[in-house]
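The values are calculated or read from the model by the stated rules, or taken from the named source; none is laboratory data. This is a predicted model, so every value here is computed, not measured. Here the Cβ positions follow ideal geometry from the backbone for every residue, glycine too, while neighbour counts run over all protein chains shown. The accessibility values were calculated without ligands, DNA or RNA, using every heavy atom of the protein model including side chains. Shrake-Rupley method; radii C 1.70, N 1.55, O 1.52, S 1.80 Å.
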Amino acid sequence: MERNLKNVLVISFGFLLLFTAYSGLQSLQSSLNAEEGLGVASLSVLYAALTLSSMFLSPIIIKKLGCKWTIAVSMCCYVAYSLGNFYASWYTLIPTSVILGLGGAPLWSAKCTYLTIAGTSYAEKAGKNAKDIINQYFGIFFLVFQTSGVWGNLISSLILSQSSNQGEISEEDLECCGAYNCLTDTTNSTGSERPSDSLIYTLLGVYTASGVLAVLLVIIFLDQIKSDQAETEKEKLEASSFWSTFLATFHHLKDKRQCLLIPLTMYSGFEQAFLSGDYSKSFVTCALGIHYVGYMMICFAGINSLCSLLFGKISQFTGRKLLFALAAVLNTGCIITVLLWKPDPKQLAVFFVIPGLWGVSDAVWQTQTNALYGILFEKNKEAAFANYRLWESVGFVIAFAYSTKLQVYIKAYIVLSVLGLSMVTYGAVEYLEAKSSPGTPAATKKENGGPHSQETHM
């Protein structure tokens, strides 16, 4: 096997093992650590730390450690979060959330840097176009990586389904499920009851082992980048130092289009947080039991990945406006359904239809918003995507921060309001673009986006 391809596969399967653990843990936080809102508070802190590390840490750490050891050390931050869940308290989960958040951005930046250098190196040797090889390597990475949400949630559901706490949920308990939930930590004595400690420790043991295997895989099998290749990258990293990255990010806000895209970018964080935090707890866990959360998230992740690939291909024919409209209609329909529907275990299909349709719309938000940033800010992509990561993370932080303080129906109205504002400001961006180039038909613009990047999902 060609050496660069081997390294790409090592990184891909390392991330698969690592995020199999993280995706499962993230989906369960609102249900597993519901007491005093510890689970969602940890996610809010995690994304706040991620926001800071996205702006400051990545260039510094990669410059000091190199790509291989940045990936290995950052992976250890994720393992620390798994360990923090063994004895979940404010003194263990919050510090490990900060550690994970700080390690998240360097991990993804180092991965992108490594794949780019590996692709360029192979292209030079083989006499091929570097861009084509880099795209091929990223395609291999996401093909492997995107299945992590399926495996992580499948593991949690299979293990937690062994719980002896399962049973018929009474009508009285069901009254506290849904959008108008009873705002307490112990609403449902059957569906929301924590599984036994032995099952939780088994699950956390599997997740921790998966993370440790990821670290060992990278340390043992991933090659160091050759010094001559790394020097070129170091020069780039020095150019994007601490303050220059920080200032470029905020200087980019002078662009009116960037300011108008802030609501749309934040909405991505709001809608993902609502599904994984509020829907999973107040509908799925409450009415069906915690062991169904994994199956629900598999439905969301599977459809999301397939539609991300599909929309990336068809957007060049349909244009992005039509896809954004489709996503807005689907998300609005899902939110209205959540507000009107009283969850009933007999209506099992509905519990999966909502996250399935939500996955279709989320695929649009991710692929087309990323593509929109790339098209609008082609000459200033680094600052533009720094803003993308910043404002999406802010959306996550706000949504998780108020999660335990408000009833679900209020949070649903907030998400709906942000969606409405997003569509208005997005429309203004399209109007400005059309006004600035009235002679260019929208159909002739390059509007296609690549597969749904999971980097924003941590």
**Item:** Restricting the range 331-380 to residues that are within 20 Å of the chain's Cα centre (by Cα) and open to solvent by 20 Å² or more (accessible area, probe 1.4 Å), the residue that is farthest from Phe56 (Cα to Cα)
**Value:** Phe352
**Request:** For the range 134-141, state whether one or more residues are free of Cβ contacts under 8 Å to residues at least 12 places away in the same chain, out of contact with any Cys (no Cβ under 8 Å at 6 or more places or on another chain) and farther than 25 Å from Ile303 by Cβ.
**Result:** no
**Complete:** Scanning the range 265-292 for residues that are among the polar types (S, T, N, Q) and farther than 30 Å from Phe385 by Cα, the one surrounded by the most Cβ atoms within 10 Å (Cβ to Cβ) turns out to be Ser282
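Conditions tested, residue by residue: (1) open to solvent by 20 Å² or more (accessible area, probe 1.4 Å); (2) part of a helix (DSSP H, G or I); (3) modelled with pLDDT of 85 or more; (4) within 21 Å of Leu222 (Cβ to Cβ).
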position	(1), (2), (3), (4)
Leu38	no, yes, yes, no
Leu46	no, yes, yes, no
Phe56	yes, yes, no, no
Ile71	no, yes, yes, yes
Met75	no, yes, yes, yes
Trp90	yes, no, yes, no
**the range 316-330: number of residues that are surrounded by fewer than 21 Cβ atoms within 10 Å (Cβ to Cβ) and either in contact (Cβ under 8 Å) with a residue 60 or more places away in the chain or of a type in the set (D, E, K, R) (or both)** = 4
**Complete:** When every residue in the range 168-199 that is open to solvent by 30 Å² or more (accessible area, probe 1.4 Å), assigned to a loop (DSSP other than H, G, I, E, B) and not polar (S, T, N, Q) is compared, the one modelled with the lowest pLDDT is Asp185
**Every residue from the range 415-453 that is more than 18 Å from Ala325 (Cβ to Cβ) and either assigned to a loop (DSSP other than H, G, I, E, B) or modelled with pLDDT under 50 (or both)** = Ser437, Pro438, Gly439, Thr440, Pro441, Thr444, Lys446, Gly450, Pro451, His452, Ser453
**Request:** Exactly one condition in (1) modelled with pLDDT under 95; (2) open to solvent by less than 10 Å² (accessible area, probe 1.4 Å) is not met by Leu18; state its number.
**Result:** (1)
**Request:** Pull up the range 140-164, narrow it to residues that are of a type in the set (Gly, Ala, Ser) and either in contact with a His (Cβ under 9 Å, 6 or more places away or on another chain) or at pLDDT 85 or above (or both), then point me to the one that is most open to solvent (accessible area, probe 1.4 Å).
**Result:** Ser161
**Request:** Taking Gly302 as the residue in question, decide whether it is under 16 Å from the mean Cα position of the chain (by Cα), modelled with pLDDT of 90 or more and surrounded by fewer than 24 Cβ atoms within 10 Å (Cβ to Cβ).
**Result:** no
**Item:** the range 307-330, residues that are of a type in the set (Gly, Ala, Ser), over 21 Å from the mean Cα position of the chain (by Cα) and assigned to a helix (DSSP H, G or I)
**Value:** Ser315, Ala325
**Request:** Look at Gln229 and say whether it is on the phi < 0 side of the Ramachandran plot and either open to solvent by 50 Å² or more (accessible area, probe 1.4 Å) or modelled with pLDDT of 70 or more (or both).
**Result:** no
**Count - residues of the range 103-131 that are in a helix (DSSP H, G or I), at pLDDT 80 or above and among the charged types (D, E, K, R)** = 3
**Filter result (among the basic types (Lys, Arg) and in a helix (DSSP H, G or I)) within the range 342-385** = Lys379, Lys381
